[in-house]
1. Checking GLY87 against (1) without any contact (Cβ under 8 Å) to a residue 12 or more places away in the chain; (2) not assigned by TED's automatic domain parsing to the domain that holds PHE222, only one condition comes out false. Which one?
2. Being in contact (Cβ under 8 Å) with a residue 60 or more places away in the chain, within 25 Å of GLY190 (Cβ to Cβ) and not in a loop (DSSP other than H, G, I, E, B) is the requirement here; does ILE110 meet it?
3. Go through the residues of region 139-160 one by one and say whether even a single one is surrounded by fewer than 18 Cβ atoms within 10 Å (Cβ to Cβ), among the polar types (S, T, N, Q) and touching a residue at least 40 places away in the same chain (Cβ under 8 Å).
4. Which of the residues belonging to region 48-62 are closer than 18 Å to LEU84 by Cα and outside any helix (DSSP H, G or I)?
5. Scan region 2-36 residue by residue and report those that are of a type outside the set (S, T, N, Q), closer than 20 Å to LYS115 by Cβ and surrounded by 14 or more Cβ atoms within 10 Å (Cβ to Cβ).
6. Would it be correct to say that VAL277 is over 30 Å from ASN121 (Cβ atoms) and either loosely packed, with under 12 Cβ neighbours inside 10 Å or in contact (Cβ under 8 Å) with a residue 60 or more places away in the chain (or both)?
7. Could you check region 122-164 and list, in sequence order, the residues that are touching a helix residue (DSSP H, G or I) at 6+ places or on another chain (Cβ under 9 Å), assigned to a strand (DSSP E or B) and farther than 21 Å from LEU361 by Cβ?
8. Please count how many residues of region 238-274 are closer than 30 Å to TRP302 by Cα and surrounded by fewer than 20 Cβ atoms within 10 Å (Cβ to Cβ).
Amino acid sequence: MNFLEKDSLEEQFDLMNKLSQKFLSRAHQVDIEGSFPFENIQNLKDTGYTSLTVPKKYGGKEIALYDLLRLQEIIAEGDGATALSIGWHMGIIKNLSEKNSWNDTIFKKICEDVKNGSLINSAATEPRTGSPTRGGRPETTAYKEGDNWIINGRKTFTTMAPVLDYFIVSASLTESNQVGNFLIPRNSKGLAIEETWDSIALRGTGSHDLIMQNVSVPKEYFVEQIGIEGKKASGWLLHIPACYLGIAKAAKKYAIEFALEYSPNSVEGTIIDLPNVRQKIGEMELKLMESEYFLHSVAKQWDDSDDQGRGVMGPILGAAKLTVTNNAITVVDLAMRLVGARSLSLKNPLQRYYRDVRAGLHNPPMDDMTIQLLANNAIKGLRKTK
């Protein structure tokens, strides 16, 4: 089984569906233990999935954003934590390829390593600054010493920390007002992982703290300066709502299967024919259809656009994330209402889905920022016509 040998999206779907069933069988135990889904990530590496976004010029498939989101949804139907975790890696490689902002030699090396199974993610959030999308200046610092950069600081929410081979760390340069991203290999001296992840949602993401004490990296590992570029539209972040859409689909499937089988002695047959049950199923289906059409059409627009077209897609990207994530929360809530008190059992997957989809409200961009962006865009558009 290998994604690199599958030429059609349908073949890739079939392979991912098989993997997703394995992920589902392991999800409860990972959630209960608050452990990390090592087997799931290894399965994705072994089948070549983790290298699908490597650009063609470096021997990769360079799959489209639309294709990536569809595959990520299937992963999330099995396990949301695995989907969100690997989604960061997949999206970052795709984003770096599209932006072309790194030194070609460095990025080529990373891509070669990814083809051999290496994983990468960014570490940008800090205890005092919160989400980097809010604009806080990193308290992690970097200063030049000879031909190296010395980095000190602590990052929170470093998703997939147990298995990452590379960290992209944002830091303030002590000798200037600049902020930059630094590439730090896992084996760097002075780098450590503190296991702090105790969230009730997406417990299997291993989003621990990354600690750097006088970590030294070569000067060329100062991979990019963060400025206006960091505020550009980022289509790859749609892997976030794709994850929550997948979780919502899993909730709908479970609820329907329950309704097909549950037969209390107060009704003939099962509850599937009850009007109130069908009402909830219809409402779930409507929310999922809205989400699919919105998310997938925006992804296709991104794939079909040039750099200029993508540059103005910020509002619609944010709107897609807001809509899909909030719809997912509604779908899981409806599924739990249909199933009833059984959905609150620790053995029932719906309670896990309920906790997991709530996490989407705290992934970027935040709802309030999206609403402000949409308001500004609408006002700006009207002013142009006057």
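The values are calculated or read from the model by the stated rules, or taken from the named source; none is laboratory data. This is a predicted model, so every value here is computed, not measured. Counting neighbours? That spans all protein chains shown, and the Cβs are built from the backbone with ideal geometry, glycine included.
1. (1)
2. So ILE110 passes the test.
3. yes
4. Residues satisfying the conditions are GLY48, LEU52, THR53.
5. PHE3, LEU4, LYS6, LEU15, MET16, LEU19
6. Values: over 30 Å from ASN121 (Cβ atoms): yes; either loosely packed, with under 12 Cβ neighbours inside 10 Å or in contact (Cβ under 8 Å) with a residue 60 or more places away in the chain (or both): yes.
So VAL277 fits the description; yes.
7. Correct list: LYS144, ASN148, TRP149.
8. First pass over region 238-274, keeping only residues closer than 30 Å to TRP302 by Cα: 238-253.
Imposing the further condition that a residue be surrounded by fewer than 20 Cβ atoms within 10 Å (Cβ to Cβ) reduces the set to 253.
Of the residues in that region, 1 qualify.
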